[in-house]
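Below you'll find the structure, written out as structure tokens, and then a few comments.
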Amino acid sequence: MFAVAELIFILFIKLRIIHFIPILSILSTLLINVQTKFFKIGVALHGLIWFYLGYILKNRGFKFKFKNPFLLFIIFSCLLAVVATFNGFDDWRINSYGNYPLLSYVGEFSSVIIIISLAQMIKTDKIKRFFELFGKNTIFLLGYHIVLPGTLAIFIKAPVQFLEKYWFIYYILAVFILYLFLKIVPENLIYLLEGRFYLLKNSSSIAENKYFKKQNG
């Protein structure tokens, strides 16, 4: 879909009809509500509006830098949660844009602002360390991102229904559980659980080197 969207976008620029993209995007969103088998052109047309917005802002010299990224992150995260609650899931895989298709644009724009503001906030040391911890343990997270947070199902009567209705609450809890696990559990156990056995020896060697250096001053 993204490959097709890229090609269509380039074609529209060459043909100098790029300003028709918003109209085509809205028409596609309202009229094509079933999955198209031909390279998902319907979804590509829907998503092209964000290519268009980036193109316009870049040509006008907008640097995509916010003075207060944290405030924008909070505001648009709340806005996304509200839109998701009223509009339901926005699933590009099946040409589904929720209960009110045009409202999906608000949720998608919120996602764009969240990503940009979050990227700028990562530059601060505390948030940077948070993401470095997750980045260092990517293999572990891939294997256990469902298993560990899934323990919450013990305390919920209808976990699937809860997830569908309160996905944003579950996501926050899931991230917290994974972060807490990575901070508390010894590294060697993490390596063992994810199958990176070769790091067990290396980890022990590093610990021994630190001990000997401390002993020798």
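Extension gain for the segment residue 180 to residue 200, taken as residue separation times 0.36 nm less the Cα-Cα distance, is 5.1 nm to one decimal. Peptide packing: for 179-185, 57-63, the average count of neighbouring Cβ atoms within 10 Å per residue gives the ranking 179-185, 57-63, highest mean first.
In the chain, taking the dipole from charged Cβ atoms about the Cα centre, the farthest positive-side position among 153, 66, 179 is held by 66.
The mean sequence separation of alpha-carbon pairs under 8 Å and at least six residues apart, normalised by the residue count of the chain, gives a relative contact order of 15 percent. The listed peptides 45-53, 75-83, ordered by packing as a protection proxy, come out as 45-53, 75-83 (highest mean of other Cβ atoms within 10 Å first). For segment 1-104, taking the reciprocal of the average inverse distance between every pair of different Cα atoms yields a Kirkwood hydrodynamic radius of 15.1 Å.
For the peptides 124-135, 88-99, 103-114, 161-172, the ranking by packing is 103-114, 88-99, 161-172, 124-135, with the highest mean count of neighbouring Cβ atoms within 10 Å listed first.
Taken over the alpha carbons of the chain as equal point scatterers, the Debye sum produces base-10 log I(q)/I(0) values at 0.10 Å⁻¹ of -0.66.
Multiplying the residue separation of residue 131 and residue 187 by 0.36 nm and subtracting their alpha-carbon distance yields 18.5 nm.
For the chain, set up a Gaussian network in which alpha carbons nearer than 10 Å are linked by springs, and say which option among 65, 157, 123 fluctuates the most. Residue with maximal mean-square fluctuation among 65, 157, 123: 157. Measuring how big segment 131-207 is from its alpha-carbon positions, Rg and Dmax come out at 14.7, 48 Å.
Among 85, 29, 151, the largest mean-square fluctuation in a Gaussian network model of the chain (Cα springs under 10 Å) belongs to 151.
Can you give the log10 of the normalised intensity I(q)/I(0) at q = 0.21, 0.23 Å⁻¹, computed with Debye over equal Cα scatterers of segment 30-155? Debye intensities relative to I(0), on a log10 scale: -1.21, -1.21.
Any read-out appearing in this document is the output of simple, stated calculations on the displayed coordinates, not a laboratory observation. No experiment lies behind these values; they were computed from the predicted model shown. We place every Cβ from the backbone using ideal geometry, glycine too, and count neighbours over all the protein chains shown.
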